[in-house]
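S.K.: Next up is a structure, given as structure tokens.
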Amino acid sequence: MASNNLDFMFYPKSLAVVGASSNPASFGCDFMTHVTSYGYKGKIYPINPKQSEMFGLKAYPDLLSVPENIDYVISLIGVNNVPALLSQCAKKGVKGVHILAGRGAETGRADAIQLEADIIKAARDYGIRLLGPNCLGVFCPETGLAFGYDFPREPGCVGGVIQSGGNSTDLMHIGALRGLRFSKVVSYGNALDINQNDLFEYFLNDSKTKVVVSYIEGLKGDSREFLKLLRQVTAKKPVIILKGGRTNAGAKLTVSHTASLAGSGKIWDIAVRQAGAIPVRNLDEMINMAVAFSMLPPIKGKRVGIAGCGGGRSILSVDAWADEGFDIPALPEEIRQELKNRGSQIWDWIGNPADASITIPGDAYSMTSITAEMAKNPAFDFIATDAQEDPPFGKDRFVQELTENIQGFIKARKENEKPLLVVYDERSVGITEAESWNYQTRAKLRTLLVNEKVPFFPSTDEAARAVNELIAYYQRREESSRM
């Protein structure tokens, strides 16, 4: 493996955008927008022989015209032009080049395969690392590097090793809606040089990354080295992996997407599990796991206290948690007595799950009060609250009750060390529904959960699966540490 100091990709002091443009229909304009709008503080050199200025910056006809050396190059020109570009890079001290363009080995054409071989030979001769081809590149909010619009700008602890460009942007956009924040995410494409092994080794030692998520179509480089690295990473931080091409039909597509050879899905899952990582089947499951591991502390046991559901939903909630092997203990008598002492009329009726449909306005038993008591009680290892159900109330009471419940869940989480999550559906709506007070209220409160960094899940089933993996991971890690 080549030198794995990849800081030049994430922390370059200067970069050149080759193929920079002010044409809004071009990648050259997109990437200039990204490097100028996300807060990148280093020197930016737009390279375009037809323009002398863009985005308020002096443009240069080629790299050799730039007066200083350059750390990192974003190449937006055709892949056939890369060999000549590398020759210029070698003379400007460039450490790494991101190659956006595709139409390389993934086409299956002999001349394209030969071109990639020529590119990697030249790069190695010059001592230059390559990212790509056929990839979107690097997102590092800490330094203001990005490859897409509307990514979350607040740095976080989730790192991404994503072979697909589209899946990497989906990860950021969908994950941001759930409160995920990222340390670094890399779309690495064909992996002609820098591959998943390089990136996992980097994230192993990256103090800013606490959780690693990965989408892989096919392993590049040494597969045994990959599994070795995976064991090393999972010993320190959780790794969630989504495999593309698990089926025969999917495997055929990976070849034309990133020139990857996919393997058996079952064998993959077994190998990944044995290495301590968590295999997932789709992007939504990956995001659920990332939410659990980045926003919940380690959960020590499987006793769950449930609050917020109506009668029927309480039954479904219990079934979902029980299906994943969780215990739903009876509500401790001291909680009933506490609410009785406060004047509750239904103190002897409440249980676990705490039924939201039996609450009486003004009574001491409310979702806020029961959640707070559950969060303090040692009978439960964690609390799962529910804000999905639409109560059959008019606007004013609906808004008041749902708002009070969400605020109460947040307050209980802040005031207690016990882990707490919220089940909060996120079914998309049309423009007409989006204008209604019902959905606007839900959207406002969902944003409040994100701002308060409270983990929430679209369904109880998804929450239970994610928490189950969370508990199992930390149990494995604790057992390994004793050996």
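Bear in mind these aren't lab numbers, they're just calculated from the coordinates by the rules spelled out. Note that the structure is predicted; figures quoted are calculated from it, not measured. Neighbour counts are summed over all protein chains in view; Cβ atoms, including those assigned to glycine, are modelled from backbone coordinates with ideal geometry.
S.K.: DSSP loop trypsin sites (Lys or Arg not before Pro) in region 88-177 with at most 15 other Cβ atoms within 10 Å of their Cβ, which ones?
M.R.: ARG103, ARG109, ARG153
S.K.: Which distance in Å, rounded to a whole number, links the C-alpha centroids of region 272-343 and region 191-234?
M.R.: Distance between centres, Cα-based: 31 Å.
S.K.: In region 294-394, which trypsin sites (Lys or Arg not before Pro) fall in coil by DSSP and have 14 or fewer other Cβ atoms within 10 Å?
M.R.: Filter output for region 294-394: LYS300, ARG342.
S.K.: Still on this structure: With runs of 4+ DSSP H residues as the only contributors, calculate the mean residue ellipticity of the chain at 222 nm using -39,500 (n - 2.57) per run, divided by the residue total and rounded to the nearest 500.
M.R.: -13000 deg cm²/dmol
S.K.: Could you give me the ³J(HN,Hα) list for region 404-414, computed from phi with Karplus coefficients 6.51, -1.76, 1.60 and θ = phi - 60°, whole Hz, x at Gly and Pro?
M.R.: Computed from phi, the couplings for region 404-414 are 4, 5, 4, 4, x, 4, 4, 4, 5, 5, 5 Hz.
S.K.: How big is the chain in terms of Cα radius of gyration and Dmax, in angstroms?
M.R.: Just the Cα atoms of the chain yield Rg and Dmax of 25.8, 82 Å.
S.K.: Would you please put 71-80, 421-430 in order of how densely packed they are, using the mean number of other Cβ atoms within 10 angstrom per residue and starting with the highest?
M.R.: Result, highest mean first: 71-80, 421-430.
S.K.: Right, another one. Relative to the first principal axis of the alpha-carbon coordinates of the chain, what is the inclination of helix 27-37, with its axis defined by its Cα atoms, in degrees from 0 to 90 and to the nearest 10?
M.R.: Helix 27-37 sits roughly 60 degrees off the main axis of the chain.
S.K.: For a test of understanding, tell me how many lysine pairs in region 1-134 have Cα atoms under 22 Å apart, given they are 8 or more places apart or on different chains.
M.R.: 20
S.K.: For GLY137, which sequence-distant residues (separation of 5 or more, or a different chain) have an amide H within less than 5 Å of its own amide H, given hydrogens modelled in the peptide plane?
M.R.: Correct list: SER187.
S.K.: Using the Cα centre of region 1-134 as the reference point, and only Cβ charges (+1 on K/R, -1 on D/E), how large is the resulting charge dipole? Debye, rounded to the nearest 20.
M.R.: Dipole of region 1-134, to the nearest 20 debye: 240 debye.
S.K.: Could you grab the relative contact order for the chain? Cα pairs under 8 Å, six or more apart, rounded to a whole percent.
M.R.: Relative contact order of the chain: 10 percent.
S.K.: Any idea what diffusion coefficient region 264-384 gets from Stokes-Einstein, in µm²/s, Kirkwood Rh on alpha carbon pairs, 4 °C, 1.567 mPa s?
M.R.: 79
S.K.: Any chance you could check the Cα centroid distance between region 130-176 and region 7-83 for me, in angstrom?
M.R.: If we compute the Cα centre of each part, the gap is 18 Å.
S.K.: Next question, about the same structure. Amide H neighbours of ALA20 under 5 Å, counting only residues 5+ apart in sequence or on other chains, H built in-plane at 1.01 Å?
M.R.: ILE47
S.K.: Identify, among VAL239, TRP321, ILE70, the residue whose Cα sits farthest towards the positive end of the charge dipole of the chain, taking +1 on the Cβ of Lys and Arg and -1 on the Cβ of Asp and Glu, with the dipole about the Cα centre.
M.R.: ILE70
S.K.: Show the residues, 5+ positions off or on another chain, whose built amide H is closer than 5 Å to the amide H of ILE240.
M.R.: Amide H neighbours of ILE240: VAL212, VAL213, SER214, ILE278.
S.K.: Compare the Cα positions of GLY221, THR371, ILE287 along the charge dipole of the chain (+1 at Cβ of Lys, Arg; -1 at Cβ of Asp, Glu; about the Cα centre) and return the one farthest towards the positive end.
M.R.: With unit charges placed on the Cβ atoms, the residue in question is GLY221.
S.K.: Quick one: helix 367-376 against the long Cα principal axis of the chain, what's the angle to the nearest 10°, folded into 0 to 90?
M.R.: 80
S.K.: Please state the charge dipole magnitude for region 297-482, taken about the Cα centre, from unit charges on C-beta atoms (+1 on K and R, -1 on D and E), reported in debye and rounded to the nearest 20.
M.R.: Rounded to the nearest 20 debye, it is 560 debye.
S.K.: With axes computed from alpha carbons, what is the tilt in degrees of helix 265-274 against the longest principal axis of the chain, rounded to the nearest 10 within 0 to 90?
M.R.: 80
S.K.: Each residue of region 321-335 in turn: what ³J(HN,Hα) in whole Hz from Karplus with 6.51, -1.76, 1.60 and θ = phi - 60°, glycine and Pro shown as x?
M.R.: Listing the rounded values in order: 5, 5, 4, 8, x, 8, 9, 10, x, 5, 5, x, 4, 5, 6 Hz.
S.K.: Would region 297-482 count as rounded, prolate or oblate if I go by the C-alpha gyration tensor, calling it rounded below 1.5 in a/c and otherwise prolate when a/b exceeds b/c, oblate otherwise?
M.R.: Oblate is the answer for region 297-482, as a/c is 1.5 or above yet b/c matches or exceeds a/b.
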